[in-house]
Every structure is written in structure tokens, then in C-alpha cells.
Amino acid sequence: MRKTSALIWQDAQHQVLFEILDLLKLPNADRELLFRLKAYADNHFAMEEQYMRELDFPGRIEHMQAHARFRKEIAELLDGGEELDDSFREIIATFLTQWLTLHVFGIDKLLEEFILQSPAK
Ligand SMILES: [Fe+2]
Ligand SMILES: [Fe+2]
């Protein structure tokens with residue numbers, strides 16, 4: 001039987017990431033939000049990666065590569081120094097939201113199920 005319980009910390013952290021991305025879509029949103037997104041994502045990815053290592057999750061290489069791609073996107077945006085006008089920021093936020101949605105409902109779900117089924121969650 002399929003478990004219906006959720007991994008609370010993972011769900012809560014995903015929620016915060018989506019909230020930061022929503023804020024980034026607002027007019028005149030601050031560049032500071034990108035730093036906040038980066039810090040929060042780094043922390044969240046590190047936590048998932050720690051579980052993957054400790055539980056020897058079989059899909060961890062692919063999953064960590066996906067995290068690395070997101071980190072790279074953010075780092076490029078922060079390094080680029082482009083002016084973050086409203087339309088550019090909205091494009092970024094929409095792109096990152098789509099990426100995160102696919103990730104969260106794709107391979108993060110596999111990890112969630114794996115952690116929930118492991119005795120050492
Ligand atoms: Fe995640
Ligand atoms: Fe993930």
C-alpha cells in the first residue's frame with residue numbers, strides 16, 4: 001500500500017522556495033531576493049543531499065546534478081550584474097518556478113518516498 005504521509009521538512013522548505021519565487025515576480029522586487037533564494041536553496045539542497053548520502057539513495061548522482069544546475073542558474077544571474085527590471089525578473093521567476101515545480105513533483109517525490117520507507121528517517 002502506498003504511504004500517504006509527507007516528509008514535513010521537505011514540504012515546508014519547498015513551500016518557502018515557491019513563496020520567494022512569487023515575491024520575485026512582484027513589481028520592484030529587490031535583488032536581495034535572489035540572494036535569499038540562493039541561500040535558502042543551498043540549505044535545502046544540502047539537507048536533501050545529506051539524506052541521499054546517509055541513506056545511500058540510488059538516484060543521488062542524477063539528483064545532485066539537478067541541484068547543481070539550479071545553483072548554477074542562480075549564480076549566473078547574481079554574477080551577471082544585469083539590471084533586474086520588472087519584465088526580466090518575471091521571466092527569471094517564471095523559469096525558476098517551472099524548474100522547481102518539475103523537480104519537486106518529479107525526482108524530489110522519489111526521494112521523499114525513499115526516505116519515508118527507510119527505517120532511519
Ligand atoms: Fe527539494
Ligand atoms: Fe531535490
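The values are calculated or read from the model by the stated rules, or taken from the named source; none is laboratory data. All values reported here derive from a predicted model rather than from experimental measurement. With ligands, DNA and RNA removed, areas are computed over all heavy atoms of the protein, side chains included. Shrake-Rupley method; radii C 1.70, N 1.55, O 1.52, S 1.80 Å.
Below is a table of values for the structure above.
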item	result
Pairs of lysine residues in the chain - Cα separation under 18 Å, sequence separation of 8 or more or cross-chain	5
Accessible surface of the chain [probe 1.4 Å, protein heavy atoms]: carbon and sulfur percent	57 percent
